[in-house]
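Each reported figure results from applying straightforward, stated rules to the coordinates on display, with no laboratory input. What you are looking at is a predicted structure, and each value in this text was computed from that prediction instead of being measured. Cβ placement follows ideal geometry from the backbone for every residue including glycine, while neighbour counts extend to all protein chains displayed.
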C-alpha cells in the first residue's frame, strides 16, 4: 500500500478542521518533524520529512526522515538499532509540521552522539558571550562502536 496525500487544502476550514491530511511542504519539499518520547514526553529530536518519508512512516509505523545533509531518506535506527516506533503522529493547524510520539528501541537513545535526546546542552550568556552548558553527558552507546 502506498500512502498518497491530497494537495494542500485551499480553504481554512478544511485545512484546520477537516479530515484530509494535506501536508504543506516548504519550497524544498519538506515539513518539520518534532519527535518526543511517548512515555514521558521528552523532546528527542527535530528533523525533516519529505512526502516519501512521511508516507513510509505512516505505512510502516517506523519513523523515516529526509536527511538534508545526505540528500536521502533515512530510516531512524537502521544503523544503530534505535528504531523509533511511531505510536501517534499529529499535525499542526496549518499542516506544515508534524509531531511524532515514539517508542525508541535498542539502546533507548535517539541522538547519533549516543545520548537519549539531541537536546543535551543549554544555551547561556557568560560575560557577554554565548556559551553551551552540558546537561546530559550520559551516553547510552558508543557512537564509534555503532557507526564505525
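For residue 74 paired with residue 135, estimate the spin-label separation in nm (one decimal), with each label point 7 Å from Cα along the Cα-to-Cβ line.
2.4 nm
How far is helix 51-60 tilted off the main Cα axis of the chain, in degrees rounded to 10, range 0 to 90?
It works out to around 80 degrees.
Let me have the 222 nm mean residue ellipticity of the chain computed from DSSP H runs of 4+ only, each contributing -39500 (n - 2.57), with the sum over all residues rounded to the nearest 500. Can you show the working numbers first?
Numbers: 3 runs with 21 residues, N = 148.
Calculated mean residue ellipticity at 222 nm is -3500 deg cm²/dmol.
Taking N as the number of residues in segment 47-119, what is its alpha-carbon radius of gyration divided by 2.2 N^0.38 Å?
In units of the 2.2 N^0.38 Å rule of thumb, it is 1.07.
Evaluate the distance, in nm, between pseudo-label points positioned 7 Å from the Cα of residue 85 and of residue 124 along their respective Cα→Cβ axes.
3.9 nm
If I build a Gaussian network model for the chain, linking alpha-carbon pairs within less than 10 angstrom, which residue out of 33, 125, 105 has the largest mean-square fluctuation?
Comparing 33, 125, 105 in a Gaussian network model of the chain, the most mobile one is 125.
Report the label-to-label distance for residue 22 and residue 39 in nanometres (one decimal), using points 7 Å from each Cα along the Cα→Cβ vector.
With each label placed 7 Å out from Cα toward Cβ, I get 4.0 nm.
Considering only the chain, what is the antiparallel percent among its DSSP beta bridges, to the nearest 5? Walk me through the numbers on the way to the answer.
Numbers: 24 of 30 bridges.
Of those bridges, close to 80 percent are antiparallel.
Using only Cα atoms, what is the ratio of the radius of gyration of segment 1-127 to 2.2 N^0.38 Å?
Scaled against compact globular proteins, the figure is 1.12.
Go ahead and run the numbers for FRET between residue 14 and residue 46, Cβ-Cβ distance against an R0 of 22 Å, rounding to 0.05. Display every interim value, and only then the final one.
Working: r = 27 Å, r/R0 = 1.24.
Efficiency computed from Cβ-Cβ geometry: 0.20.
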